[in-house]
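Student: Before we start, here is the structure in question, set down as structure tokens.
The values are calculated or read from the model by the stated rules, or taken from the named source; none is laboratory data. The shown structure was predicted, so the numbers you read here are calculated from the model rather than taken from an experiment. Here the Cβ is made from the backbone with ideal geometry for all residues, glycine too, and neighbour counts use every protein chain on show.
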Amino acid sequence: MWYTRREFQHLVRVRLETEAISLILERCETGEWELLSSEVIDVELAQITDPERKQGIEILTSIAKSKVELNETIQNRAISLQKFGIKFFDSLHIACAEAGKANVMLTVDYRLLRKTENHSQEFTILVANPVTWLMEIS
């Protein structure tokens, strides 16, 4: 099978991100690191119609040792983050991560990464790509 350069780069990026996420989750399962969940993830889970994808995310969230519940302070923080062009659910994820005193929020959403990078001083947590973050801390 032949791939264009762009297709090949996309496949490699997805493979690297998958491997990085697997390594991170292994460390969370062993207790070396802690995975934080939130009520926002539950809301998003309820909207997923693909049973396979939904089950995969449910398995991931089962590893979480603690869960951030939404409150007015988190919602207000999420609203304030939207001024940077961040979508509402993404801003809720960031606000929950900040409220849960997380060190980092990992994402493969490159649009979100660009927006948070441009305003990194506005966040109390690092928003990073799993591959990049894993390489930096190793």
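Student: Quick check, is Lys83 in contact with a Gly (Cβ under 9 Å, 6 or more places away or on another chain), at pLDDT 95 or above and farther than 19 Å from Asn129 by Cα?
Tutor: Values: in contact with a Gly (Cβ under 9 Å, 6 or more places away or on another chain): no; at pLDDT 95 or above: yes; farther than 19 Å from Asn129 by Cα: yes.
The answer is no for Lys83.
Student: Another question about this same structure. Taking the range 96-122 as the search range and keeping residues that are part of a loop (DSSP other than H, G, I, E, B) and not hydroxyl-bearing (Ser, Thr, Tyr), which one is surrounded by the fewest Cβ atoms within 10 Å (Cβ to Cβ)?
Tutor: Taking the range 96-122 and keeping what is part of a loop (DSSP other than H, G, I, E, B), we get 100-103, 107-109, 119.
The next check asks that each one be not hydroxyl-bearing (Ser, Thr, Tyr); those that pass are 100-103, 108-109, 119.
Values: Gly100: 19, Lys101: 11, Ala102: 20, Asn103: 13, Val108: 15, Asp109: 14, His119: 14.
Taking the candidates together, the pick is Lys101.
Student: Which pairs do you get when a residue that is on the phi > 0 side of the Ramachandran plot, found in the range 84-113, comes within reach of a residue that is among the aromatic types (Phe, Trp, Tyr), reach meaning Cβ atoms under 7 angstrom, with the pair 6+ apart or on two chains?
Tutor: Once the first residue is on the phi > 0 side of the Ramachandran plot and sits in the range 84-113, no partner that is among the aromatic types (Phe, Trp, Tyr) comes close enough.
Student: Take the conditions surrounded by 14 or more Cβ atoms within 10 Å (Cβ to Cβ), closer than 25 Å to Trp33 by Cα and more than 14 Å from the chain's Cα centre (by Cα) and apply them to Ile125. Does it pass? Please lay out each step first, then the result.
Tutor: Working: surrounded by 14 or more Cβ atoms within 10 Å (Cβ to Cβ): yes; closer than 25 Å to Trp33 by Cα: yes; more than 14 Å from the chain's Cα centre (by Cα): no.
The answer is no for Ile125.
Student: Out of Arg27, Arg15, which single residue is closer than 23 Å to Lys101 by Cβ, more than 13 Å from the chain's Cα centre (by Cα) and not polar (S, T, N, Q)? Don't jump to the end; show me each part of the working.
Tutor: Values: Arg15 fails: closer than 23 Å to Lys101 by Cβ.
When all the criteria are applied, what remains is Arg27.
Student: Right, something else. Checking the conditions here, which among Ile74, Ile57, Ile86 is in a helix (DSSP H, G or I), under 25 Å from Val14 (Cβ atoms), hydrophobic (A, V, I, L, M, F, W, C) and out of contact with any strand residue (DSSP E or B) (no Cβ under 6 Å at 6 or more places or on another chain)? Before the answer, list the steps.
Tutor: On the way: Ile74 fails: under 25 Å from Val14 (Cβ atoms); Ile86 fails: in a helix (DSSP H, G or I).
Going through Ile74, Ile57, Ile86 in turn, just one is in a helix (DSSP H, G or I), under 25 Å from Val14 (Cβ atoms), hydrophobic (A, V, I, L, M, F, W, C) and out of contact with any strand residue (DSSP E or B) (no Cβ under 6 Å at 6 or more places or on another chain): Ile57.
Student: Within the range 1-33, count every residue that is in a helix (DSSP H, G or I) and exposed (fewer than 10 other Cβ atoms within 10 Å of the Cβ). Before the answer, list the steps.
Tutor: As a first pass, look at the range 1-33 and keep what is in a helix (DSSP H, G or I): 5-29.
Cutting the leftovers down to exposed (fewer than 10 other Cβ atoms within 10 Å of the Cβ) gives us 5-6.
Number of matching residues: 2.
Student: What residue, of Ser37, Ser62, is under 20 Å from Trp133 (Cα atoms) and among the small types (Gly, Ala, Ser)?
Tutor: Values: Ser62 fails: under 20 Å from Trp133 (Cα atoms).
Being under 20 Å from Trp133 (Cα atoms) and among the small types (Gly, Ala, Ser) holds for just one of Ser37, Ser62, which is Ser37.
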